[in-house]
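Here the structure comes first, spelled out in structure tokens, and everything after it is commentary.
Each value in this text was obtained by applying a stated rule to the coordinates, not by laboratory testing. Just so you know, these numbers come straight off a predicted model, no measurement behind them. Backbone-built Cβ (ideal geometry, glycine too); neighbour counts: all protein chains shown.
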Amino acid sequence: MFCNQCEQTAKGQACTKIGVCGKTEEVDLLQDLLVYALQGLSEVANEGRKVGVEDKEADVFTCEALFSTLTNVNFDPERIKDYIFKAVELRDRLKEKVKAAGGKTDFSGPAAFVPAQSMEELIKQGDEVELRPEKAKDQDIFSLKLTTLYGLKGVAAYAYHAQELGQEDTKVYAFMHEAMANLTRDDLSLNDWVGIALKVGEINLRTMELLDAAHTSTFGHPEPTPVPLGHKKGKAILVSGHDLKDLEALLKQTEGKGIYVYTHGEMLPAHGYPGLKKKYPHLYGHYGTAWQNQTKEFADFPGPIVMTTNCLVPPKETYKDRVFTLGPVGFPGVKHLKELDFTPVIQMAESMEGFTEDKEGKTVLTGFARNAVLSVADKVIEAVKGGAVKHFFLVGGCDGAKPVRNYYTEFVEKVPQDCIILTLACGKFRFFDKDLGDIGGIPRLLDIGQCNDAYSAVQIALALAKAFNVDVNELPLSLIVSWYEQKAVAILLSLLYLGIKNIRLGPSLPAFITPNVLNFLVENYQIKPISTPDEDIKACLGG
Ligand code: FS2
Ligand code: SF4
């Protein structure tokens with residue numbers, strides 16, 4: 001196996017025997033075969049578009065299936081096998097349509113691939129088609145191909161969520177198919193691949209815009225909302241991941257049943273949406289911290305746990321029977337809900353005691369998405385012009401298990417009192433419950449939302465740049481980004497597409513970036529690795 005798609009990859013190079021994430025070699029090779037099958041589907045879809053053929057099912061399927069190969073989403077060989085067969089079935093159906101419309105159908109390679117019937121043979125097929133550096137003629141092009149593929153996985157996740165809530169743009173699907181089909185080619189130059197990778201960023205921005213519209217048009221604009229970290233005596237269900245539609249369905253089905261629903265991990269910002277927290281008061285509070293702590297936190301939770309998206313850590317036997325997965329998520333032996341019917345989850349919650357007493361805890365604030373922040377833009381601008389606010393730091397991105405990620409906690413603790421910290425995604429759990437006070441009524445720590453809300457952060461930065469009449473790179477704003485998985489790759493590409501410079505990236509640089517590609521990023525975008533909080537803060541403040 002060869003997988004280097006996430007930040008915790010083995011020895012900072014690649015997982016070659018088993019994933020640090022717990023992904024087996026078998027699943028890794030099946031996922032590679034699925035990516036290959038999706039390249040084939042994409043080639044046919046691409047040809048189809050040239051003759052006016054579109055297939056909505058194939059479009060959405062491409063997103064769901066690619067999403068299943070993202071880090072910490074699906075560990076179940078049977079489910080990946082089903083996706084492979086479905087990809088081939090949809091590809092062949094599309095071929096018929098393309099043929100009828102007069103398009104090209106004489107394909108070879110992935111578009112003509114026939115999956116083996118046994119699991120053993122499928123794994124062998126995966127081994128043959130896996131993207132590996134030793135097979136590549138040019139390591140820099142290979143690096144950009146991986147960057148493109150990993151970025152596309154992030155786009156697929158966002159597009160999947162957006163379409164669930166009715167927001168789609170055929171431009172997104174068309175690009176995904178075009179770029180996936182390009183991965184099969186070896187006639188494109190380094191410059192072509194730089195262009196394709198940046199285009200992933202452009203398309204990702206559009207996709208995140210769709211997702212933002214999906215969330216805000218369905219659930220309203222997030223509002224600053226205090227969220228209890230304690231719990232109520234009584235029966236309880238925990239929901240993790242990012243999928244607000246899944247959460248809403250669960251809230252509807254648990255209404256009036258005397259069950260409290262708690263968010264975990266990236267679901268925390270759900271409390272800020274009027275269409276969720278205000279409508280469903282039994283969405284009580286937030287339990288636990290970031291994804292990598294779930295084995296301990298889930299074991300201690302006295303109710304069922306619903307995993308709507310990443311990040312799923314291989315569950316321990318002590319609580320595995322209480323975990324339910326949805327959508328692209330899967331793990332062997334864990335119950336998978338095919339439809340949004342939460343009956344087994346509710347029955348389990350009802351059969352358990354739940355929390356035996358009330359626990360008062362701290363509260364944290366969430367809901368500072370673009371509308372909330374920009375509604376006080378005048379106050380913010382005045383505070384900057386008057387000198388009360390000297391600088392903004394966006395300290396955001398993914399969390400992870402590595403101790404070096406303490407950099408982000410220390411960074412936030414050391415940010416001077418006259419600076420504001422914007423945050424988003426699960427990296428915030430390293431400091432989300434710290435009381436950092438306020439500046440003239442503006443909290444110093446503003447939680448914009450999930451990693452899925454990076455669009456909101458971009459809009460805040462662009463609006464401030466407009467208000468100050470400067471380029472976004474001239475704002476008193478520094479981006480301190482932590483990455484882990486492929487959504488972060490997509491977001492990073494969007495920031496580069498927007499021309500945002502001087503991003504500090506950590507805790508380590510991606511293993512799939514070659515020295516030459518890194519040089520390109522440094523020369524053109526002045527991207528830099530994190531150093532120490534003291535040095536970085538000083539440099540950001542111009543000292
Ligand atoms: Fe965090 Fe994990 Fe949000 Fe990432 S919960 S690292 O995949 O999606 O951020
Ligand atoms: Fe390794 Fe990350 Fe790939 Fe898992 S997803 S196998 S940890 S590189």
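For the stretch 342-350, what does the Karplus curve 6.51 cos²θ - 1.76 cosθ + 1.60, with θ = phi - 60°, yield as ³J(HN,Hα) per residue in whole Hz, taken in order and with x for Gly and Pro?
Residue by residue, the stretch 342-350 yields 8, 3, x, 5, 5, 4, 5, 4, 5 Hz.
Calculate the FRET efficiency for E474 and E413 from the Cβ-Cβ distance with a Förster distance of 30 Å, rounded to the nearest 0.05. Don't jump to the answer; show the numbers that get you there.
Values: r = 27 Å, r/R0 = 0.91.
E(calc), rounded to 0.05, equals 0.65.
Between T363, N519, A156, whose Cα lies farthest towards the positive end of the dipole of the chain when Lys and Arg beta carbons carry +1 and Asp and Glu beta carbons carry -1, centred on the Cα centre?
Highest projection toward the positive end goes to T363.
What does a probe at E353 reach in the stretch 303-319, counting residues whose amide N is under 16 Å from the point 7 Å along Cα→Cβ?
303-304
Dipole of the stretch 231-283, Cα-centred, from +1 at each Lys and Arg C-beta and -1 at each Asp and Glu C-beta, to the nearest 20 debye?
Working: 9 positive and 5 negative charges, 69 e Å.
Value, rounded to 20: 340 debye.
Could you state the number of Å between the C-alpha centres of the stretch 258-315 and the stretch 157-229?
After rounding, the separation between the Cα centres reads 25 Å.
Could you check what % of the DSSP bridge pairs in the chain are antiparallel, to the nearest 5? Don't jump to the answer; show the numbers that get you there.
On the way: 9 of 46 bridges.
Approximately 20 percent, going by the DSSP bridge assignments.
For a protection proxy built on the mean count of beta-carbon atoms within 10 angstrom, sort 257-265, 167-175 highest first, please.
Going from most to least packed, we get 257-265, 167-175.
Place the peptides 409-417, 459-467 in order of packing, highest mean first, counting for every residue the other Cβ atoms within 10 Å and averaging per peptide.
Output ranking for 409-417, 459-467: 459-467, 409-417.
Based only on Cα atoms, what mean projected area does the convex hull of the stretch 383-440 have, in nm²?
Numbers: hull surface 15.9 nm².
That works out to 4.0 nm².
Spelling out what I want: for every residue of the stretch 183-196, take phi, set θ = phi - 60°, compute 6.51 cos²θ - 1.76 cosθ + 1.60 (Karplus), and round to whole Hz; glycine and proline get x.
For the stretch 183-196, the Karplus-derived couplings read 4, 7, 8, 10, 10, 9, 8, 4, 4, 4, 6, 4, x, 5 Hz, x marking Gly and Pro.
With +1 on each Lys and Arg Cβ and -1 on each Asp and Glu Cβ, and nothing else charged, work out how big the dipole of the stretch 367-540 is about its Cα centre, in Debye to the nearest 20. Let's see the in-between values first.
Details: 17 positive and 18 negative charges, 33 e Å.
Computed about the Cα centre, the dipole is about 160 debye.
Give, in nm to one decimal, the length gained when the segment between D127 and S375 is fully stretched (0.36 nm per residue of separation minus the Cα-Cα distance). Walk me through the numbers before you get to the answer.
Numbers: separation 248, 0.36 × 248 = 89.28 nm, distance 5.32 nm.
Residue separation times 0.36 nm, minus the Cα-Cα distance, leaves 84.0 nm.
Counting only residues 5 or more places away or on other chains, whose amide H sits under 5 Å from the amide H of L365 once H atoms are built in the peptide plane?
The answer is V227.
Near the amide H of V389, under 5 Å away, which other amide H atoms are found, from residues 5 or more places off or on another chain, if H is placed in the peptide plane?
Answer set, sorted by chain and number: V384.
Find, to one decimal place in angstroms, the Kirkwood hydrodynamic radius of the chain, where the mean of 1/r is taken over every pair of different Cα atoms and then inverted. Don't skip to the answer; put the middle values down first.
Details: mean 1/r = 0.0420 Å⁻¹.
Evaluated on the chain, it is 23.8 Å.
Label points 7 Å out from Cα along the Cβ direction at A463 and K104: separation in nm?
A separation of 4.6 nm, rounded to one decimal place.
Suppose R0 equals 30 Å. What FRET efficiency, 1/(1 + (r/R0)^6) with r the Cβ-Cβ distance, do N406 and N524 give to the nearest 0.05? Write out the running numbers ahead of the final one.
Numbers: r = 31 Å, r/R0 = 1.02.
Plugging the Cβ-Cβ distance into 1/(1 + (r/R0)^6) gives 0.45.
How fast does the stretch 367-540 diffuse by Stokes-Einstein, in µm²/s, taking the Kirkwood radius from C-alpha pairs at 25 °C and 0.890 mPa s?
Calculated translational D: 151 µm²/s.
Picking from A65, M307, C21, whose Cα lies most toward the positive end of the charge dipole for the chain (charges on Cβ: Lys, Arg +1; Asp, Glu -1)?
M307
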